[in-house]
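Peer 1: What follows is a single structure, and I will ask about it in a moment.
The values are calculated or read from the model by the stated rules, or taken from the named source; none is laboratory data. Remember, predicted model here, so these are calculated numbers, not experimental data. Cβ sites come from the backbone with ideal geometry, for glycine too, and all protein chains shown count toward neighbours.
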Amino acid sequence: MKNKHAMHIKGTGMKTYVFRVVIEPDEDRYYAEVPALPDCHSWGYTYEEALKNIKQAAELCLETMTEDGEPIPEEDSQTLRKAPITLGLVV
C-alpha cells in the first residue's frame, strides 16, 4: 500500500497547486525532488527530514517563480492520482 502525504503551504494568493514528490534512498541519505518544478530538489538523512526539506524547497521555488513572473506548472491529474506523495501549495 502506498502512503499518501499531503502538505499545504499557505501563500499570499488564492490558487492551490498540487505536485508529485519523489523521495528515494541514496546511500546514507534520502534524495527528494518535485519533478514539475525546475531545480526543486533537496535531501535529508531520514525520509522525514527529506520530506520536510523538500516542502521548504518547493515553497522557495514557487516564491521565486512568482516574484520573477514565471508561470507555475500544473501537474497532470492522472500523474497525481498515481503518485505516492503529493504536495499542495497555495499561492
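Peer 1: Restrict the check to region 83-91 and report whether at least one residue is out of contact with any helix residue (DSSP H, G or I) (no Cβ under 8 Å at 6 or more places or on another chain) and loosely packed, with under 12 Cβ neighbours inside 10 Å. Talk me through it step by step, then tell me what you get.
Peer 2: From region 83-91, those out of contact with any helix residue (DSSP H, G or I) (no Cβ under 8 Å at 6 or more places or on another chain) are 83-84, 88, 90; that's our starting set.
Now restrict to residues that are loosely packed, with under 12 Cβ neighbours inside 10 Å: none.
Within region 83-91, none of the residues are out of contact with any helix residue (DSSP H, G or I) (no Cβ under 8 Å at 6 or more places or on another chain) and loosely packed, with under 12 Cβ neighbours inside 10 Å.
Peer 1: Show the residue pairs meeting these rules: Cβ distance below 9 Å; 6+ apart or different chains; first residue within region 79-91 and touching a residue at least 24 places away in the same chain (Cβ under 8 Å) and within 12 Å of residue 51 (Cβ to Cβ); second residue among the basic types (Lys, Arg) and part of a strand (DSSP E or B).
Peer 2: Partner pairs satisfying both residue conditions: 84/20; 85/20; 86/20; 87/20.
Peer 1: Considering only region 2-22, I want to know if a residue exists there that is of a type in the set (A, V, I, L, M, F, W, C), touching a Leu at 6+ places or on another chain (Cβ under 7 Å) and modelled with pLDDT under 90.
Peer 2: Here is the first cut: in region 2-22, the residues of a type in the set (A, V, I, L, M, F, W, C) are 6-7, 9, 14, 18-19, 21-22.
After this cut, where a residue has to be touching a Leu at 6+ places or on another chain (Cβ under 7 Å) as well, the list is 7, 9, 18-19, 21.
Retained after the next criterion (residues that are modelled with pLDDT under 90): 7, 9.
The answer is yes; a qualifying residue exists.
Peer 1: Of everything in region 41-79, what is surrounded by 17 or more Cβ atoms within 10 Å (Cβ to Cβ) and either at positive phi or among the acidic types (Asp, Glu) (or both)? Give them in sequence order.
Peer 2: Within region 41-79, 59, 75 meet the criteria.
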